[in-house]
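What follows is a set of notes on a single structure, which appears directly below.
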Amino acid sequence: MVKLISLERKDYVKYLGVLMDSNLSWKYHISQVASKISSNTGVIARLRHFTPFIALLNIYRALIFPYISYGLSAWGQAAKTHLDKILLLQKRVVGLMNFANFSDHAIPLFISSNILPLPLLYIKLSSP
């Protein structure tokens, strides 16, 4: 006799640390990454007054960059509205590290910090 098992429908499933939804919109994964980056942004905001820039850069590479880069070749093609959450947080962190004003342009800050913004990082990690 065969026993039937009903399966429960989920909004998303976690596989190897990446949250995938049925439409592959990646909104759940990007929201989780944004949450992790946001909490670590607070660490950099508090430490920037007492820590040299190179140490802040190492903290960025240890606490924020792994969340951005992990699985990026899969979720990096998500809708711009979702990806902009990450990019805005990335701009905020780079601005905090450089003691920039809120209205300063981010591109020179990314260049001086030697950090790739999310769209360029996606291109770099996705190319063979």
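This ranking places Phe110, Phe102, Phe53 by how few other beta-carbon atoms lie within 10 Å of each, fewest first, which gives Phe102, Phe53, Phe110. Shape class of the chain from the alpha-carbon gyration tensor: prolate, with a/c at 1.5 or above and a/b greater than b/c. Whole-Hz Karplus values for segment 96-102 come out as 4, 4, 9, 6, 7, 6, 4 Hz, taken residue by residue from phi with 6.51 cos²θ - 1.76 cosθ + 1.60 and θ = phi - 60°; glycine and proline positions read x. Relative contact order of the chain, taken over Cα pairs closer than 8 Å and 6 or more residues apart, is 25 percent.
How much mean residue ellipticity at 222 nm does the chain get from its helices, if each DSSP H run of length 4 or more adds -39500 (n - 2.57) and you divide by all residues, to the nearest 500 deg cm²/dmol?
Here the helix-only value at 222 nm equals -18000 deg cm²/dmol.
Full extension of the chain between Val13 and Phe53 yields a length gain of 10.6 nm, computed as 0.36 nm times the residue separation minus the alpha carbon distance. Amide H contacts of Trp26 (H built 1.01 Å from N, in plane; Pro and chain starts excluded): Asp21 sit under 5 Å, all sequence-distant by 5 or more or on other chains.
Between Ser31 and Ser6, the modelled label-to-label distance comes to 2.6 nm, taking each label 7 Å out from Cα in the direction of the beta carbon. If R0 equals 30 Å, the separation of the Cβ atoms of Asn114 and Leu24 corresponds to a calculated FRET efficiency of about 0.40. Rounded to whole numbers, the Karplus 3J(HN,Hα) couplings from phi for segment 59-68 are 5, 4, 5, 8, 9, 10, 4, x, 5, 6 Hz, using 6.51 cos²θ - 1.76 cosθ + 1.60 with θ = phi - 60°, and x at Gly and Pro.
Across segment 29-36, coupling constants 3J(HN,Hα) worked out from phi with the 6.51/-1.76/1.60 Karplus curve, θ = phi - 60°, read 5, 5, 5, 5, 4, 4, 5, 5 Hz, and Gly and Pro carry x.
With 28 Å as the limit, the listed pairs Lys91/Lys124; Lys3/Lys27; Lys10/Lys124 have Lys3/Lys27; Lys10/Lys124 beyond it between alpha carbons.
A short reminder: the numbers here are calculations on the coordinates, not readings from a lab. Computed from a predicted structure; not experimentally measured. FYI the Cβ positions are ideal-geometry reconstructions off the backbone, even for glycines, and counts take in every protein chain you see.
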